[in-house]
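One structure is given below, encoded as structure tokens.
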Amino acid sequence: LQSNGSVAFRALFFAIPAAVVAVLLLVLDDIYPDLRVESGMDDVRESQTWTVVTVVVIAMLSFRIRQAWARFWEATGLLHMMRGEWYDSASCLITFSRAALKAKPAEVAEFRHTLIRCMSLCHGCALQEIKESNVHAFDTIDAMGLDEATLRWLKDCQTKHHFNRVEILVHMTQVLVTKAHDDGILKIPPPILSRVYQTLSRGFVNLLNAKKISDTRFPFPFAQLIAGFLLFHVIITPVMITTLVSSKAFAALLSFVMLFGMAALNLVASELENPFGADQNDLPLAHFQNEMNDSLMMLLHPNTDHVPSTSRRCITSFDMLMDGRASRTTIERSKRSIAAESWIVAMESDGSMGRPIMQDFSCLSACSVGVATSQPSQTREQTPPSGIAVPPTPVAPLPPEAQELELKARLLATGSSPAKVLAKDEPAPDPHALVASMDRLNSTMQLWVQRLEQQVADMDYQRVVQQQLRSSLPTSVDPVRNGNAPSGVAASPSVVEKKALEPVPSMGYGRAGEGSISSASEAFQDAMTQDAIAQRAPSVRADGKGPPRAARSTPP
């Protein structure tokens, strides 16, 4: 239990006397049984005096606690806003002076150091002004580093003229900014520079509001009335308790708890009413000053003018960034992480990166374009007979987009250079980074599958066009095709029919509009041309009834 800052010990000055009075009343009852009736203490139990007094005290305590907490919360908010406004002013001025850093480096350094010292001294004087006691002084950033004329003027304002030091320092900072703008140190348009004056003034307004809290105390008559009611409760509460309870210990306990609670609430309210004191329950003003000094010192660091930029491993694709964001927020994140860990173990055992998922995708692609393949694809899970060497399942080569995406995923996961990744000597990858890379890779794979499905649909459309064009050609005088062929003679297919029956070559991973679709279209046009030439050939059959069958059955 922490004793420093606690109100428990001061509340005991009200609780212990109440418990003692309760025990004494019960002892007097044992010695003088008629004392309570003769003195009229029994009438307290039947009257509403104790109830009225208790309700009034509780209402007054509630009001005081509510006001005290509102003052405390407003005070800490005002101090944080004051610090934020003044730091924002200093940060903007340091940034505005960057344009003249190359042309006037000495003047810019002088302006920055003077500004930081003035702002640190201004913040410390503001805290000193609202503090309850002026014994403790706050640390500042090398206040003695200012010139002698400035220090002498600040001293005279306090001792001779009794001016407000915070007002002097705020005005001095504005003069410094105006002079720097006239000298070309702050190369910024005046409308933008005026924002600095606004933040300086808002910080000073927040200080005045905080000073309002420190200057305006809780009304003394109200606090005095609460204290008087508490003293009255020290007597009337044990009288009420002893009329209801005959046990000395229990009566003393009840009296102690009731008075201890009301007294503690009153003391807590008195602690919160003035948050700018030096007690443990007050605001840490010294800590606020140290935080302000640390923030201002950051503006004097050599890297304060550093301009951030992106690196080579930056992801500039909007779709990849959105996919990574969605993968981090999905519910199945944990399941994919578990699956990724097992996949990484298997991957590290055979020294390959991404090969299992590529093989799965090759099987998926074969299934999606199964109409264009002549044989069904074999799965990896089939067990070969013993003693027979089975060649490894060929994996279709990845397109350049997939190779680039896989390389980028491995770079993100390991943080290695491209040369190390290509040589496969990079360090162990991060499972979480690999999960995000796998999600992006799978999304790209799905896009390629959609392209392949679109190619298959285009091929089906080409077949329909072939059938329509073939039906629109002039009918041949071939007796077999006209149904007049002798029995046992089979009809020979035309050139178009042979081209239609030939298997279409596999598309692989070609893009839409390339590869198999263009080659199938050219083959179809060649077959149509040859078939039309064969039908118009001026050859005569042996029986003199039409062109010979061999002229139409010759393959192109």
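The values are calculated or read from the model by the stated rules, or taken from the named source; none is laboratory data. This is a predicted model, so every value here is computed, not measured. As a convention, Cβ positions derive from the backbone with ideal geometry for all residues, glycine included, and neighbour counts pool all protein chains shown. Protein only, heavy atoms only, side chains kept; ligands, DNA and RNA dropped before computing areas. Shrake-Rupley method; radii C 1.70, N 1.55, O 1.52, S 1.80 Å.
Across segment 1-11, which residue is nearest to Leu231 (Cα to Cα) among those that are assigned to a helix (DSSP H, G or I) and open to solvent by 50 Å² or more (accessible area, probe 1.4 Å)?
Arg10
Restricting attention to segment 292-306, report how many residues are in a helix (DSSP H, G or I), out of contact with any Lys or Arg (no Cβ under 6 Å at 6 or more places or on another chain) and surrounded by fewer than 17 Cβ atoms within 10 Å (Cβ to Cβ). Number of matching residues: 6. Might you let me know whether segment 158-176 holds any residue that is under 36 Å from the mean Cα position of the chain (by Cα) and either within 30 Å of Asp279 (Cα to Cα) or modelled with pLDDT of 95 or more (or both)? Checked segment 158-176: no residue is under 36 Å from the mean Cα position of the chain (by Cα) and either within 30 Å of Asp279 (Cα to Cα) or modelled with pLDDT of 95 or more (or both). When you check Gly124 against the structure, is it open to solvent by less than 40 Å² (accessible area, probe 1.4 Å), of a type outside the set (A, V, I, L, M, F, W, C) and over 23 Å from Asn290 (Cβ atoms), yes or no? Answer is no for this residue.
Considering segment 263-291 alone, what residues qualify as being more than 30 Å from Thr54 (Cβ to Cβ) and open to solvent by less than 20 Å² (accessible area, probe 1.4 Å)? The answer is Phe276, Gly277, Asp282, Leu283, Leu285, Gln289.
The single residue among Arg112, Arg117, Arg71 that is of a type outside the set (S, T, N, Q), touching a residue at least 12 places away in the same chain (Cβ under 8 Å), closer than 22 Å to Ile192 by Cα and part of a helix (DSSP H, G or I) turns out to be Arg112.
Note on segment 81-102: residues that are open to solvent by 50 Å² or more (accessible area, probe 1.4 Å), over 14 Å from Leu296 (Cβ atoms) and touching a residue at least 40 places away in the same chain (Cβ under 8 Å) amount to 4.
Select from segment 106-116 the residues that are open to solvent by 30 Å² or more (accessible area, probe 1.4 Å) and either of a type in the set (Gly, Ala, Ser) or within 30 Å of Glu74 (Cβ to Cβ) (or both) and list them in ascending order. Steps first, answer last, please.
Looking only at segment 106-116, we keep the residues that are open to solvent by 30 Å² or more (accessible area, probe 1.4 Å), and these are 106-107, 109-110, 113-114.
If the condition is that a residue be open to solvent by 30 Å² or more (accessible area, probe 1.4 Å) and either of a type in the set (Gly, Ala, Ser) or within 30 Å of Glu74 (Cβ to Cβ) (or both), then Ala106, Ala109 are the ones that fit.
Of all residues in segment 216-253, those being assigned to a loop (DSSP other than H, G, I, E, B) and open to solvent by 40 Å² or more (accessible area, probe 1.4 Å) number 5.
Tell me yes or no: at least one residue of segment 60-68 is out of contact with any Pro (no Cβ under 7 Å at 6 or more places or on another chain), over 21 Å from Ala264 (Cβ atoms), surrounded by 13 or more Cβ atoms within 10 Å (Cβ to Cβ) and among the basic types (Lys, Arg). Can you show your working first?
Of segment 60-68, the ones out of contact with any Pro (no Cβ under 7 Å at 6 or more places or on another chain) are 60-68.
Next, from what is left, pick out any that are over 21 Å from Ala264 (Cβ atoms): none.
Taking every residue of segment 60-68 in turn, none turns out to be out of contact with any Pro (no Cβ under 7 Å at 6 or more places or on another chain), over 21 Å from Ala264 (Cβ atoms), surrounded by 13 or more Cβ atoms within 10 Å (Cβ to Cβ) and among the basic types (Lys, Arg).
Within segment 149-163, residues that are closer than 14 Å to Leu121 by Cβ sit with their Cβ atoms under 6 Å from residues that are part of a loop (DSSP other than H, G, I, E, B) and among the hydrophobic types (A, V, I, L, M, F, W, C), at 6+ positions apart or across chains, in these pairs: Cys157/Phe163. Could you tell me whether segment 35-58 includes any residue that is open to solvent by less than 40 Å² (accessible area, probe 1.4 Å) and small (Gly, Ala, Ser)? The answer is yes; a qualifying residue exists.
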